[in-house]
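Written out below as C-alpha coordinates is the structure these notes cover.
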Amino acid sequence: MSLQWFATIATVVAGVIAVGGVAIALVRFARPRIVVWLGQRRQGLALELIPIRFELSLAKPVPTVMLALRAVNYLRSPLVLESIRIRFLHVGASFVLDEITSPDEYEIPARQSREVTCHRKLIESEATALRELSSGERWQQGSVMCSARGSAGRRSVRFDPAGEFTIFGTVDGGGLAPRAA
(Lines give C-alpha, C1' and ligand atoms only; values in the text may rest on other atoms or scores of the structure.)
Protein backbone atom coordinates (compact mmCIF):
# COMPACT_ATOMS: atom_id res chain seq x y z
CA MET A 1 0.00 0.00 0.00
CA SER A 2 1.24 3.34 -0.99
CA LEU A 3 1.30 6.57 0.92
CA GLN A 4 -1.02 8.15 -1.63
CA TRP A 5 -3.63 5.47 -0.91
CA PHE A 6 -3.55 6.34 2.84
CA ALA A 7 -3.87 10.05 2.02
CA THR A 8 -6.93 9.34 -0.14
CA ILE A 9 -8.55 7.23 2.58
CA ALA A 10 -7.77 9.93 5.19
CA THR A 11 -9.34 12.60 2.94
CA VAL A 12 -12.51 10.52 2.47
CA VAL A 13 -12.78 9.83 6.23
CA ALA A 14 -12.24 13.53 7.03
CA GLY A 15 -14.97 14.47 4.50
CA VAL A 16 -17.41 12.00 6.04
CA ILE A 17 -16.68 13.35 9.52
CA ALA A 18 -17.14 16.96 8.32
CA VAL A 19 -20.45 16.18 6.60
CA GLY A 20 -21.62 14.27 9.69
CA GLY A 21 -20.70 17.24 11.89
CA VAL A 22 -22.68 19.62 9.70
CA ALA A 23 -25.66 17.25 9.74
CA ILE A 24 -25.54 17.00 13.54
CA ALA A 25 -25.29 20.79 13.83
CA LEU A 26 -28.32 21.25 11.56
CA VAL A 27 -30.36 18.74 13.58
CA ARG A 28 -29.40 20.46 16.85
CA PHE A 29 -30.34 23.83 15.37
CA ALA A 30 -33.63 22.82 13.74
CA ARG A 31 -35.00 20.32 16.27
CA PRO A 32 -36.16 22.78 18.98
CA ARG A 33 -37.79 25.01 16.38
CA ILE A 34 -39.61 22.09 14.78
CA VAL A 35 -40.80 20.84 18.19
CA VAL A 36 -42.22 24.30 19.03
CA TRP A 37 -43.88 24.58 15.61
CA LEU A 38 -45.47 21.13 15.89
CA GLY A 39 -46.65 21.90 19.41
CA GLN A 40 -48.37 25.07 18.22
CA ARG A 41 -50.03 23.18 15.37
CA ARG A 42 -51.33 20.52 17.75
CA GLN A 43 -52.48 23.09 20.27
CA GLY A 44 -54.63 25.04 17.80
CA LEU A 45 -56.59 28.18 18.50
CA ALA A 46 -57.99 28.33 22.04
CA LEU A 47 -59.46 31.85 22.12
CA GLU A 48 -60.43 34.44 19.55
CA LEU A 49 -61.75 38.00 19.75
CA ILE A 50 -63.93 39.18 16.86
CA PRO A 51 -64.71 42.93 16.74
CA ILE A 52 -68.45 43.67 16.42
CA ARG A 53 -68.92 47.43 16.75
CA PHE A 54 -67.79 50.61 18.46
CA GLU A 55 -69.80 53.51 19.83
CA LEU A 56 -68.41 56.98 20.34
CA SER A 57 -70.59 59.22 22.47
CA LEU A 58 -69.16 62.73 22.23
CA ALA A 59 -72.02 64.38 24.14
CA LYS A 60 -71.09 66.28 27.25
CA PRO A 61 -70.79 65.95 30.28
CA VAL A 62 -68.98 62.57 29.94
CA PRO A 63 -67.78 61.58 26.44
CA THR A 64 -67.16 57.82 26.19
CA VAL A 65 -65.98 55.11 23.84
CA MET A 66 -67.34 51.55 23.94
CA LEU A 67 -66.30 48.53 21.89
CA ALA A 68 -68.22 45.28 21.65
CA LEU A 69 -66.33 42.10 20.80
CA ARG A 70 -67.31 38.45 20.40
CA ALA A 71 -65.06 36.24 22.55
CA VAL A 72 -64.97 32.67 21.22
CA ASN A 73 -63.79 29.76 23.40
CA TYR A 74 -62.58 26.84 21.26
CA LEU A 75 -61.56 24.71 24.27
CA ARG A 76 -63.41 21.77 25.80
CA SER A 77 -63.40 23.48 29.19
CA PRO A 78 -64.78 26.81 30.45
CA LEU A 79 -62.55 29.85 30.01
CA VAL A 80 -62.24 32.86 32.31
CA LEU A 81 -61.14 36.02 30.52
CA GLU A 82 -59.11 37.97 33.06
CA SER A 83 -58.15 40.90 30.86
CA ILE A 84 -59.23 42.28 27.50
CA ARG A 85 -57.18 45.12 26.10
CA ILE A 86 -57.80 47.28 23.05
CA ARG A 87 -54.36 48.62 22.20
CA PHE A 88 -55.84 51.20 19.88
CA LEU A 89 -58.97 52.12 17.97
CA HIS A 90 -58.21 53.93 14.74
CA VAL A 91 -61.29 55.95 13.79
CA GLY A 92 -61.74 57.23 10.27
CA ALA A 93 -58.67 58.35 8.41
CA SER A 94 -56.50 59.72 11.16
CA PHE A 95 -57.61 59.70 14.80
CA VAL A 96 -56.39 57.03 17.26
CA LEU A 97 -57.73 56.22 20.73
CA ASP A 98 -55.27 54.26 22.89
CA GLU A 99 -55.72 51.79 25.74
CA ILE A 100 -59.34 50.81 26.14
CA THR A 101 -59.82 47.95 28.59
CA SER A 102 -62.55 45.83 30.07
CA PRO A 103 -63.17 46.37 33.78
CA ASP A 104 -64.86 42.96 34.11
CA GLU A 105 -63.87 39.30 34.02
CA TYR A 106 -65.95 37.12 31.74
CA GLU A 107 -66.59 33.37 31.93
CA ILE A 108 -67.15 31.70 28.57
CA PRO A 109 -68.56 28.17 28.59
CA ALA A 110 -66.77 25.39 26.70
CA ARG A 111 -67.00 25.68 22.89
CA GLN A 112 -69.23 28.74 23.05
CA SER A 113 -68.97 32.48 22.55
CA ARG A 114 -70.05 35.56 24.39
CA GLU A 115 -70.23 39.29 23.73
CA VAL A 116 -67.78 41.28 25.85
CA THR A 117 -67.26 45.03 26.10
CA CYS A 118 -64.41 47.43 26.65
CA HIS A 119 -65.02 51.08 27.46
CA ARG A 120 -63.50 54.20 28.92
CA LYS A 121 -64.15 57.89 29.32
CA LEU A 122 -62.63 60.18 26.73
CA ILE A 123 -60.48 63.05 27.86
CA GLU A 124 -61.70 66.43 26.67
CA SER A 125 -58.93 66.84 24.07
CA GLU A 126 -59.88 63.49 22.47
CA ALA A 127 -63.57 64.40 22.41
CA THR A 128 -62.83 67.82 20.91
CA ALA A 129 -60.61 66.32 18.19
CA LEU A 130 -63.27 63.71 17.35
CA ARG A 131 -65.96 66.39 17.14
CA GLU A 132 -63.77 68.36 14.70
CA LEU A 133 -63.09 65.28 12.57
CA SER A 134 -66.72 64.23 12.52
CA SER A 135 -68.15 64.47 9.03
CA GLY A 136 -71.71 64.27 10.27
CA GLU A 137 -71.95 60.66 9.10
CA ARG A 138 -73.45 58.42 11.74
CA TRP A 139 -71.57 55.26 10.69
CA GLN A 140 -67.77 55.24 10.65
CA GLN A 141 -65.18 52.63 9.74
CA GLY A 142 -62.16 52.01 11.89
CA SER A 143 -59.56 49.45 12.76
CA VAL A 144 -58.74 47.92 16.10
CA MET A 145 -55.85 45.97 17.61
CA CYS A 146 -56.87 43.85 20.57
CA SER A 147 -55.52 41.18 22.90
CA ALA A 148 -56.84 39.04 25.74
CA ARG A 149 -55.53 36.90 28.56
CA GLY A 150 -57.36 34.24 30.51
CA SER A 151 -57.25 30.80 32.02
CA ALA A 152 -58.96 27.48 31.53
CA GLY A 153 -58.31 25.50 34.69
CA ARG A 154 -54.53 25.58 35.16
CA ARG A 155 -53.88 26.39 31.52
CA SER A 156 -53.01 29.97 30.62
CA VAL A 157 -54.61 31.20 27.40
CA ARG A 158 -53.64 34.24 25.31
CA PHE A 159 -54.96 35.90 22.18
CA ASP A 160 -52.42 38.32 20.77
CA PRO A 161 -52.66 38.66 16.97
CA ALA A 162 -50.10 40.70 15.10
CA GLY A 163 -52.53 42.53 12.83
CA GLU A 164 -55.48 44.89 12.97
CA PHE A 165 -59.17 44.10 12.47
CA THR A 166 -61.74 46.25 10.68
CA ILE A 167 -64.63 47.48 12.81
CA PHE A 168 -67.67 49.66 12.12
CA GLY A 169 -69.39 51.89 14.60
CA THR A 170 -71.52 54.87 15.37
CA VAL A 171 -70.57 58.38 16.35
CA ASP A 172 -72.99 60.41 18.43
CA GLY A 173 -71.64 63.90 17.94
CA GLY A 174 -73.41 65.49 20.84
CA GLY A 175 -75.33 68.10 18.95
CA LEU A 176 -73.90 67.44 15.50
CA ALA A 177 -76.71 67.03 13.02
CA PRO A 178 -76.40 63.93 10.84
CA ARG A 179 -76.50 64.54 7.09
CA ALA A 180 -79.58 63.55 5.13
CA ALA A 181 -79.02 60.53 2.94
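Among (1) under 30 Å from Asp172 (Cα atoms); (2) outside any loop (DSSP other than H, G, I, E, B); (3) among the hydrophobic types (A, V, I, L, M, F, W, C); (4) open to solvent by 70 Å² or more (accessible area, probe 1.4 Å), which single condition is Trp5 missing?
Only one criterion is unmet by Trp5, namely (1).
Among the residues of region 144-155, write down those that are open to solvent by less than 20 Å² (accessible area, probe 1.4 Å) and polar (S, T, N, Q).
The answer is Ser147, and nothing else.
Taking region 102-113 as the search range and keeping residues that are touching a Pro at 6+ places or on another chain (Cβ under 9 Å) and part of a strand (DSSP E or B), which one is surrounded by the fewest Cβ atoms within 10 Å (Cβ to Cβ)?
Residue satisfying both the conditions and the ranking: Glu107.
Filter region 114-130 down to residues that are surrounded by 15 or more Cβ atoms within 10 Å (Cβ to Cβ) and not small (Gly, Ala, Ser), then give me how many there are.
Qualifying residue count for the region: 9.
If only one of Val36, Val19, Val91 is among the β-branched types (Val, Ile, Thr) and open to solvent by less than 40 Å² (accessible area, probe 1.4 Å), which one is it?
Val91
For region 65-101, how many residues are touching a helix residue (DSSP H, G or I) at 6+ places or on another chain (Cβ under 9 Å), touching a residue at least 40 places away in the same chain (Cβ under 8 Å) and either assigned to a strand (DSSP E or B) or more than 28 Å from Glu132 (Cβ to Cβ) (or both)?
The total comes to 2.
Go through (1) in contact with a Ser or Thr (Cβ under 8 Å, 6 or more places away or on another chain); (2) modelled with pLDDT of 90 or more and name the single condition Gln140 misses.
(2)
The values are calculated or read from the model by the stated rules, or taken from the named source; none is laboratory data. Quick caveat: nothing in here was measured; it's all calculated off a predicted structure. Glycine also receives a Cβ, built like all others from the backbone with ideal geometry; neighbour counts cover every protein chain displayed. What goes into the accessible areas is simple: the full protein's heavy atoms, side chains included, and nothing from ligands, DNA or RNA. Shrake-Rupley method; radii C 1.70, N 1.55, O 1.52, S 1.80 Å.
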